[in-house]
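Okay, so here's the structure we're looking at.
The values are calculated or read from the model by the stated rules, or taken from the named source; none is laboratory data. Quick caveat, the model's predicted, so the values are computed rather than measured. Cβ sites come from the backbone with ideal geometry, for glycine too, and all protein chains shown count toward neighbours. Each accessible area value is taken on the protein alone, full model and side chains, heavy atoms only, with ligands, DNA and RNA left out. Shrake-Rupley method; radii C 1.70, N 1.55, O 1.52, S 1.80 Å.
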Amino acid sequence: MKTYRICLLPGDGIGPEIIAEGVKVLDAVGEKYGVGFTYEEALIGGIAIDETGEALPAATLAAAKASDAVLLAAVGGPKWDTTDPTRPRPEQGLLGIRKELGLYANLRPVTIFNALADASTLKPEVIDGVDLLIVRELTGGLYFGERERFYDEEGAGEDGGNGQRAYDTLEYREYEIRRIARHAFEMARKRHSKVCSIDKANVLETSRLWREIVHDVAKDYPDVELSDLLVDNAAMQLICRPSQFDVVVTENMFGDILSDEASMLSGSLGMLASASLGDGVALYEPSHGSAPDIAGQGIANPLAQILSVEMMLRYSFGMQEAADDVLAAVTAVLDAGFRTGDIKQADTPEDKVVGTELMGSLVAERIQPTEKFAELWGRHPDDWKDYRAN
Ligand code: NAD
């Protein structure tokens, strides 16, 4: 039997609760498709700081490198918030593992589940047909450039103060742009053959280099249509005409901001997954944070985590059919009217509002029914195909 080793990084807040549901779904997939998944759990983020003094302990990195794929939940929380640059911060774990695994491409799909169309703050006609993929460069640019904080007289200005100054550096190398552009064009070939490259070429030199290289790479993909958009315009287009986009490719910080904006098209952060790919082990995680406000209550939405499992099956294990199965199961659960608190609608009946564990079980049972199915779904497994809320 084919076996994959998965490194689990539950992290902080709701992390441990939602990752358990991801594992439940993987086990159902393993059972159905005759594939074995073994798990090794490791520390990252705030909990790692508490237990080892570091957000990314060496043992975690070793476990991640020895695995076939990494499943991460989320890190962070008020307990570890600090502006003191000498103290470790949970997100150093995230940035560190991305850098160490060479994960330079972050993929965030945004699709609208019909059953949740009402959850978006945008009008239904605006989000109709939205199916886009943001490909964000993840290991270069401002977040990794040289930075410094220091004191000098000019920093004080006329109003006095301590004279503090700080700078961050935005730098890109040709090969960094080339490889992310290739990812975007390859993805577009498997989708709707359109790439929109986003930059700020009217102001930034890095953007002018970005645009030049992306156009050069495009010559190898004559079947893919390439367009450019300035980032400020892109921010507007994403909420006024989001269905025009297929694959969007952009640098690290623009991608960070635009992908959060795009995530709101679907109305809930609890539904969006992401994949970070490089040339070796890849990492899969929900797009949301550790939701400390609801941690430990058993009410977090595990679907983004489950959809990150779907991406893992697709991109790391080449299990397309199983990945489609997971997506179909999530769609069926939503079509049947089940909702966690964050995605419930005004007309959602109380008995359809479910917690984290039940939501995970509903998806897992829909993939590979067990004797629990009838109890959870309220009918026999043979009938699930036409099961709808009304
Ligand atoms: P957040 O995404 O954790 O939460 C924002 C809001 O969405 C909260 O009201 C939360 O309850 C809700 N929410 C998020 N995920 C949910 C889910 N699965 N189910 C139901 N509701 C959900 O963002 P935040 O509050 O800005 O950040 C909280 C902590 O998470 C911070 O420490 C932040 O640094 C960290 N964070 C981590 C990541 C990551 O690990 N990749 C990403 C973003 C933020």
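Could you please find all residues in the range 102-126 being open to solvent by less than 20 Å² (accessible area, probe 1.4 Å) and modelled with pLDDT of 90 or more? 103, 104, 105, 106, 107, 110 - these are the residues of the range 102-126 that are open to solvent by less than 20 Å² (accessible area, probe 1.4 Å) and modelled with pLDDT of 90 or more. Set side by side, the residues 166, 201 differ, and just one is at negative phi, at pLDDT below 95, of a type in the set (A, V, I, L, M, F, W, C) and outside any helix (DSSP H, G or I), which is 166. Each residue in the range 235-257 was checked for being touching a Ser or Thr at 6+ places or on another chain (Cβ under 8 Å) and over 23 Å from residue 175 (Cβ atoms), and 1 pass.
This table checks each residue for (1) modelled with pLDDT of 90 or more; (2) open to solvent by less than 20 Å² (accessible area, probe 1.4 Å); (3) over 18 Å from residue 74 (Cα atoms); (4) in a helix (DSSP H, G or I).
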residue	(1), (2), (3), (4)
308	yes, yes, no, yes
312	yes, yes, no, yes
318	yes, no, yes, no
327	yes, no, yes, yes
337	yes, yes, yes, no
347	no, no, yes, no
364	yes, yes, yes, yes
385	no, no, yes, yes
389	no, no, yes, no
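Quick one: what pairs do we get from the range 1-20, first residue more than 15 Å from residue 308 (Cα to Cα), second open to solvent by 10 Å² or more (accessible area, probe 1.4 Å) and among the charged types (D, E, K, R), C-beta under 6 Å, 6+ apart or different chains? Qualifying pairs under 6 Å: 4/68; 5/68.
Okay, residues lined up against (1) within 13 Å of the ligand (Cβ to nearest atom); (2) of a type in the set (Gly, Ala, Ser); (3) over 30 Å from residue 279 (Cβ atoms); (4) touching a residue at least 40 places away in the same chain (Cβ under 8 Å):
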residue: 304; (1), (2), (3), (4): yes, yes, no, yes
residue: 309; (1), (2), (3), (4): no, no, no, yes
residue: 325; (1), (2), (3), (4): no, no, no, yes
residue: 337; (1), (2), (3), (4): no, yes, yes, yes
residue: 340; (1), (2), (3), (4): yes, no, yes, yes
residue: 346; (1), (2), (3), (4): no, yes, yes, no
residue: 350; (1), (2), (3), (4): no, no, yes, no
residue: 355; (1), (2), (3), (4): yes, yes, yes, yes
residue: 362; (1), (2), (3), (4): no, no, yes, no
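If I ask for residues that are under 17 Å from residue 341 (Cβ atoms), open to solvent by 10 Å² or more (accessible area, probe 1.4 Å) and in a loop (DSSP other than H, G, I, E, B), which ones from the range 273-298 would you list? Within the range 273-298, 288, 289, 291, 295, 296, 297, 298 meet the criteria.
With the structure loaded, tell me whether residue 262 is more than 10 Å from the ligand (Cβ to nearest atom), modelled with pLDDT under 95 and not polar (S, T, N, Q) or whether it fails that test.
Values: more than 10 Å from the ligand (Cβ to nearest atom): yes; modelled with pLDDT under 95: yes; not polar (S, T, N, Q): yes.
It is true that residue 262 is more than 10 Å from the ligand (Cβ to nearest atom), modelled with pLDDT under 95 and not polar (S, T, N, Q).
Residues in the range 31-61 that are in contact with a helix residue (DSSP H, G or I) (Cβ under 7 Å, 6 or more places away or on another chain), more than 30 Å from residue 366 (Cα to Cα) and acidic (Asp, Glu): 54 alone. Is it fair to say residue 213 is in contact (Cβ under 8 Å) with a residue 40 or more places away in the chain and either β-branched (Val, Ile, Thr) or surrounded by 14 or more Cβ atoms within 10 Å (Cβ to Cβ) (or both)? Against the criterion (in contact (Cβ under 8 Å) with a residue 40 or more places away in the chain and either β-branched (Val, Ile, Thr) or surrounded by 14 or more Cβ atoms within 10 Å (Cβ to Cβ) (or both)), residue 213 does not qualify.
Go through 280, 298 for me and flag whichever is more than 11 Å from the chain's Cα centre (by Cα), over 13 Å from residue 74 (Cα atoms) and either hydroxyl-bearing (Ser, Thr, Tyr) or within 16 Å of the ligand (Cβ to nearest atom) (or both). So that I can check it myself, show each step before the final result.
Details: 280 fails: either hydroxyl-bearing (Ser, Thr, Tyr) or within 16 Å of the ligand (Cβ to nearest atom) (or both).
Being more than 11 Å from the chain's Cα centre (by Cα), over 13 Å from residue 74 (Cα atoms) and either hydroxyl-bearing (Ser, Thr, Tyr) or within 16 Å of the ligand (Cβ to nearest atom) (or both) holds for just one of 280, 298, which is 298.
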